[in-house]
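The block underneath contains the structure these notes are about, expressed in structure tokens.
Just so you know, all these numbers are worked out from the coordinates, no wet-lab data involved. Only a predicted model underlies this, so the values are computations on that prediction, with no experimental measurement involved. Don't worry about glycine lacking a Cβ; one is built from the backbone with ideal geometry, like all the others, and counts go over all protein chains shown.
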Amino acid sequence: MTYPTAPSRRVLFFGRAVNATADSGGELPISTTEPRINDRIRASRCRLIGDDGSQLGIYNMPDAQAIADEKVLDLVEIAPNADPPVCRIMDYGKFKYEQEMKAKRARKHQTTVQVKEIKFRPKIDKHDYETKKRHVERFLNGGAKVKVTIMFRGREMVHAERGLAILEKLSGELTEIAIVENQPKLEGRNMFMLLTPVKKEPVKGEKTDQGDAESTTEATPE
């Protein structure tokens, strides 16, 4: 047996067309990222949890809302898919603020890993090579990854092995402070290699950040 679906109409929601069904009174859908609170809860009854975490039992929604109102708190639907849904009495404004502060602290302790780029030419002379090598060392010692690029022009592509020789020489001279994360790869007229700094053993008792790493790229002039 099939059941008829509720008629819907197209409405604009933050500039995007969405369906508003008749069973919701034609109202805009409530964001799935935010729980329903107070009069937005659609269930007729709920399993109620008190503001102290105690299990209060199953209540009709008006009675549950009355208990929350008496405490000057909010009724928050925390498990909408349960049967019946689970609601909790809490200060929702305070709860949201605490969650935002927790997320802010987590972002603050994230470690940002930068990706620097150093560009070489296949016919680079010894002086320029040493200068660029010192830049690579400085970036690696600062904790950044380094993308080393060999740029070929014109007929230089015929001797791509010269670029490979530069990359192999550079990685060989930096084995104490770097490892090759991405081996040399030729794409178009450029050859790339990615170096990442060798992880240093933390000093005993030293605190380290445990956040996820973000990555940014910065290129240096030729």
Checklist entry - Quick one: of the DSSP bridges fully inside segment 33-96, what percent are antiparallel, nearest 5? => result 80 percent
Checklist entry - How high is the relative contact order of segment 33-96, given as a whole-number percent (alpha carbon pairs under 8 Å, six or more residues apart)? => result 35 percent
Checklist entry - What does the highest-first list of 121-128, 60-67, 74-81 look like by mean Cβ count within 10 Å? => result 74-81, 60-67, 121-128
Checklist entry - FRET efficiency for Glu130 and Glu98, Cβ-Cβ distance as r, R0 = 35 Å, nearest 0.05? => result 0.05
Checklist entry - When ranked by the protection proxy of mean other Cβ atoms within 10 Å per residue, highest first, what sequence do the peptides 130-141, 90-101 form? => result 130-141, 90-101
Checklist entry - So which of Lys104/Lys145; Lys145/Lys185; Lys104/Lys199 end up more than 20 Å apart by C-alpha? => result Lys104/Lys145; Lys104/Lys199
Checklist outcome for this item: Residues other than Asn182 with Cβ under 12 Å of its Cβ, Lys/Arg counted +1 and Asp/Glu -1, net out at +1
